[in-house]
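Engineer: A single structure is presented below for examination.
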Amino acid sequence: MALTVITETRQYLTFKLADEVFAVDVEKVREILELTTITKVPQTPDYMRGVINLRGSVVPVMDMHLKFGMPPAERTVNTCIVVVEVNLEGETIVLGALADSVQEVVELEAEQIEPAPKIGVGITTDFIVGMGKHDGQFIIILNIDRAFSNAELELAGEVMKEAA
């Protein structure tokens, strides 16, 4: 699998999960929503919190804490849903990603980003583009297209179709 190498200045939307700051390319972000009612869909994985109605469209919502193996978070006034577009074999799937809070849009140059760390055998970091540095802190830059497996994205697509 080819590594993603950042060679140009890009803008990223940063958001928090617990004490960690994550980022996703702004080109992948459709919008940011206040937390709304999420309808649970039976027999889906825990990290798939359910679906929301976004102007007549069904959008699956993923709990990024659970997806990344973190403990569940308390919902606060800052909890939001980052609506992103994910590419699955040429098809665009719209997903909501639960975040503790959205921080800001930052512009990072290639030299501010280090490659994703190699953690060890059996631990996949394909979904991490790199580690950015901004204002003295690390930002984990996600490749949102790889944050979910094809099977997970296909399940999200099926949930969207069934709920529509």
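The values are calculated or read from the model by the stated rules, or taken from the named source; none is laboratory data. Here the structure is a predicted model, which is why all the values come from computation and not from measurement. Cβ placement follows ideal geometry from the backbone for every residue including glycine, while neighbour counts extend to all protein chains displayed.
Engineer: Take segment 33-69 and flag every residue that is surrounded by 15 or more Cβ atoms within 10 Å (Cβ to Cβ) and within 30 Å of residue 109 (Cα to Cα).
Structural biologist: 33, 62, 63, 64, 65, 67, 68 - these are the residues of segment 33-69 that are surrounded by 15 or more Cβ atoms within 10 Å (Cβ to Cβ) and within 30 Å of residue 109 (Cα to Cα).
Engineer: Is segment 17-38 home to any residue that is in contact (Cβ under 8 Å) with a residue 40 or more places away in the chain, outside any strand (DSSP E or B), hydroxyl-bearing (Ser, Thr, Tyr) and over 20 Å from residue 139 (Cβ atoms)?
Structural biologist: yes
Engineer: Next up: Every residue in segment 132-158 that is in contact with a Ser or Thr (Cβ under 7 Å, 6 or more places away or on another chain) and either under 13 Å from residue 87 (Cβ atoms) or without any contact (Cβ under 8 Å) to a residue 24 or more places away in the chain (or both), please.
Structural biologist: Within segment 132-158, 143 is the sole residue that qualifies.
Engineer: Among the candidates 111, 74, 104, single out the residue that is of a type in the set (Asp, Glu) and closer than 18 Å to residue 27 by Cβ.
Structural biologist: 104
Engineer: Hey, another quick one. Condition first: assigned to a strand (DSSP E or B) and over 16 Å from the mean Cα position of the chain (by Cα). Now tell me which residues in segment 53-87 satisfy that.
Structural biologist: Answer for segment 53-87, where residues must be assigned to a strand (DSSP E or B) and over 16 Å from the mean Cα position of the chain (by Cα): 53, 54, 57, 58.
Engineer: Does segment 45-67 hold any residues that are under 16 Å from residue 144 (Cβ atoms) and free of Cβ contacts under 8 Å to residues at least 24 places away in the same chain, and which are they?
Structural biologist: Across segment 45-67, the qualifying residue is only 47.
Engineer: Scan segment 77-92 and give yes if some residue there is surrounded by 17 or more Cβ atoms within 10 Å (Cβ to Cβ), touching a Pro at 6+ places or on another chain (Cβ under 8 Å) and either closer than 23 Å to residue 26 by Cβ or at pLDDT below 90 (or both), otherwise no.
Structural biologist: No, every residue in segment 77-92 fails to be surrounded by 17 or more Cβ atoms within 10 Å (Cβ to Cβ), touching a Pro at 6+ places or on another chain (Cβ under 8 Å) and either closer than 23 Å to residue 26 by Cβ or at pLDDT below 90 (or both).
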